Structures are given as structure tokens and as C-alpha cells.
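Following: one structure in C-alpha cells, then a few remarks.
The values are calculated or read from the model by the stated rules, or taken from the named source; none is laboratory data. Bear in mind the structure is a predicted one, so any value in this text is a computation, not a measurement. Because the Cβ atoms are built from the backbone with ideal geometry, glycine has one as well, and the counts that use them run over all protein chains shown. To get the accessible areas, we keep the full protein, side chains included, count just its heavy atoms, and leave off ligands, DNA and RNA. Shrake-Rupley method; radii C 1.70, N 1.55, O 1.52, S 1.80 Å.
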Amino acid sequence: MPKSAAGPDRSRPRTDSDAPPVPDGGTPATARPGGARKGARPGGRATHIRWLAPYARLFAPPGTRAFAFAGFLARLPMGMFGISAVVMIATTRGSYALAGAVTATGLVATAVLAPLIARLVDRRGQARIAVPAAFLAAAGSLALLLCVRYDAPDWTLFAAHAAGSTAPNTGGMARARWAHLYRGPSPEAEAARHTANSFEQALDELCFMLGPVLATVLCVSLFPEAGTLTAVVLMLAGTLLFAAQRRTEPPVVPHDGAARTAAPLRTPGLPPLLAAFLATGAVFGALEVVTVAYADGLGHQGAAGAVLALQALGSGAAGLAFGALRLGGSVRQRFAVCVGAMAALMTLPLLASAAGSLLVLAPALLVAGMATAPTMVTGMTLVQRLTPPGRLNEGMTLAVTALLGGVAAGSAAGGWAAEHLGGSWGYAVPPVAAALAAATALAAAPGRRAARGRREAGVRQA
């Protein structure tokens, strides 16, 4: 960790910036690690208090609830834009091939632009960059809507959707706020960051569970452009509310040229971790495409969304439970264990699909999803530890970009397997991708000493 995160210097007067965040009552947020009321009886109510206590402490500092809600509102459209564009283009132009090509172009543009925007956020501040980036993304999405509505040439759809790929990574900015609020190497701060990452991962799962459903309902029940229009409004409203929460915004690390921090991609240990994120994204992408194809083969394509929602539900619930635990050992070891568990559980859909029934597949997906959120939580925690100070948003956005690249690769591999191998063999792709993620996570272990040396060096400038 950087020197500023090592706690207050006892040789100088204590300042407000040294103090740990405290809830409104003045009691330190890290007090009472057990979280249960003294003298509470075991079971029932006391058990609920014990499980909810980490989240109650997490939201004790003023302003946390506000930026968490705004971040959710700004993130919900991320699960809406893709499916809204597909339905809008396919309905009006009659071509799923064109719709898929346009959305793929947007994914590539996001992979290129997102790290650059995140770097600007680190250097200029969240509010100064997120708001104009969101308005530019809104303009591109509205341009796509108008081009589709008024039958513009096909090439304009690609250009408009690429221009709309500047939406800021609100999830990464929210995690950066938690990391700033609960900075420091103490066990209490480590536990708070673990709970925060678990909460944010659960929000991600909720957004990608509700977003496609909301977009589909709007496009089908109202008009084809309704999903895109609603997503634009939600993104702008959420981003403006998020940027308005200045009290919790992390300060910009000064850049005076006296020292330079290595780019995240050059940080020892981070490239192998990003490779693990890439393979993990392939798990998600393959699982989605294969499940749609499998349900279609059984004559129940309309049920694919509900079945996939169970996988997201299992992941979100596991993420919240994972965040309430106080875990020992190193984060790197936990990451390897979580990825290994994901690889093992991803064999369940493969086995269940042999029964040829969605009723058998659904609970298998529910259980398989329970390892994905813990994997993402520990992976994001590692990214936060390895990324140089002052470039945290860039590092976490690179992780999201790796995930998106993996989703694209997994979708292609899963689609090929479902079409050419048929039956349940498409479900062989997710466990293979998870096994690659596990192998990559183990290969990243040698970077531990280098990462520790970087933290001890305490490089401050970006």
C-alpha cells in the first residue's frame, strides 16, 4: 500500500485525513468486529445482526448511501444498452446479423476508450470527467436511435454506436471511493474493503439481471427505441447524481513530473491477473450463449432469460454472503481457491444438461453461479492492491475491459460449440475457460514479492 495508506504518522499532529471513517454516532466504523450487540442471544435475530453488521458499518460514514444509490442508477443502463440496440435494429432493419455486428463494434470501441477515460478520471477527478463522458455517450446513443428510426445508411449505425461507447465506468469509480474511505493496512480497513467489493459485485449482478429484462419489456411493449431512450435517461441521471456526491470523491493525486508511476499494464503481477479476468469473462459469455441455444433446442427459448437470471441470482446472493465473512490468509490464495471452485462448479451445468430439461439445468446454474461473485470480489481486491496509487480507476477499468474481451471470446466459442457439437456439449466451454482462469491465477503467484516491493516503495505520483 502507498505510504499515505499506512495510517497516521505518530510524529506529527493527527489530522482529519488520518482518522478512519466514523458513523454518525461518533463510534469508529471499525469498532466491534463481531458486529453483534453485547449480550445478544445466539440464533434468530442475533444471527441476522451478525450477518448484516459488516454492511451496517460499511454505510456508516456520511454520503455512502447516496453515492451507492447513484452508482446503481448509473450502472443499470449498462445491462440495457446492448440488448436494446439488438432489439431496436433487428426489429426495424430485420437483420440480427447487422444488430450483432453493430453491438460488437460498440464492444471493441469500449475496450479501447474505457481505459483512456479511466486514466483521465485518475488525473482530473471523477466529476470533471464522468459527466462530459456520460453526455458524449448519451449523444452517441441518441444518434444511433435517430439513425435507426429514420432509416439512415448502415454505416451510420456503426459510427453512432462507437461514439456512444464513452460511458464512464461507474462501478470502478464507486470501488475507488470505498478504497479511499477505508484506506489503510489495518485488519478493519481490509475487512471493510472486502465487504465493499462484495457489495459492488452484487450490484453488478443485479444490474445485469434486471437490465436486459427491463430493456426487453420496454422495447416489446412500447416501441423499439424505448429501451435505448430509457437507458440514456437513467445513465445521465445516475451519473449526475454520482458526480454530485463530492464529499466521498477521492482526491486527485498530484502529477508534478518529479516521479512517475508505472502504467498498470507494466505493474508486476497485474498482467497475469488481467489474463485471469479475460478467461473469467469467457465463462460468462459462453454460459449465456449456450443457455439460449440449449433452451431453443428444447423449444423453450423464451425461458432462457429466466434460467440465466437464476445464475445471476446465485452469484449475487453468494457475493453478499461472502462480503459478511471475515476471512484469513492472503487475498492471492483466496483468489486461487475461488477460481478453482468456479471451475469445479461450472461442471454442474454440463452434467445437468445431459438430462434434456430446463428444470434440471436451472438449479445447476443457480449453484454454479455461487462461485463467480467471490471470484470477482477477490480479483478486484487484488487489482486494487497491485494498481499503482493514482491510477486505481485505470487499473479497475482494465479489469472490466479484460472481462468484456473474454465475454466476446466466450460468446463466439460457446456459439460455435452449440451449433457444431450440438446437444449439451456447448456447456463444456465454461468449465474449460474457468480452468484456464485457475491456471492463470496460479501462474500469477510469483508476482507477489514484486507487488509487495512496489507497495513498500510508496510511489505517489501518477
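A compact table of results
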{"item": "Under 14 Å from the Arg326 label point (7 Å along Cα→beta-carbon), backbone N, segment 171-210", "result": "186-195"}
{"item": "Cβ-Cβ FRET estimate between Phe135 and Thr91, R0 fixed at 35 Å, reported to 0.05", "result": "0.80"}
{"item": "Furthest towards positive pole of dipole, Val289, Ala160, Pro251, structure part segment 139-289, Cβ charges", "result": "Pro251"}
{"item": "By accessible area with a 1.4 Å probe, ligands and nucleic acids excluded, highest first: order of Ile129, Ile89, Ile83", "result": "Ile83, Ile129, Ile89"}
{"item": "Candidate residues Arg65, Arg124, Arg334: accessible-area rank, largest first, probe 1.4 Å", "result": "Arg65, Arg124, Arg334"}
{"item": "Contour excess over end-to-end distance, with Cα ends at His300 and His420 and 0.36 nm allotted per residue", "result": "41.2 nm"}
{"item": "Two-site FRET efficiency, Arg246 against Leu116, from Cβ-Cβ distance with R₀ of 25 Å, rounded to 0.05", "result": "0.55"}
{"item": "Extension reserve of the Ala443-Gln333 stretch, reckoned as 0.36 nm per residue once the Cα distance is removed", "result": "38.4 nm"}
{"item": "Probe 1.4 Å - accessible area at Asp296, Å² to nearest ten", "result": "80"}
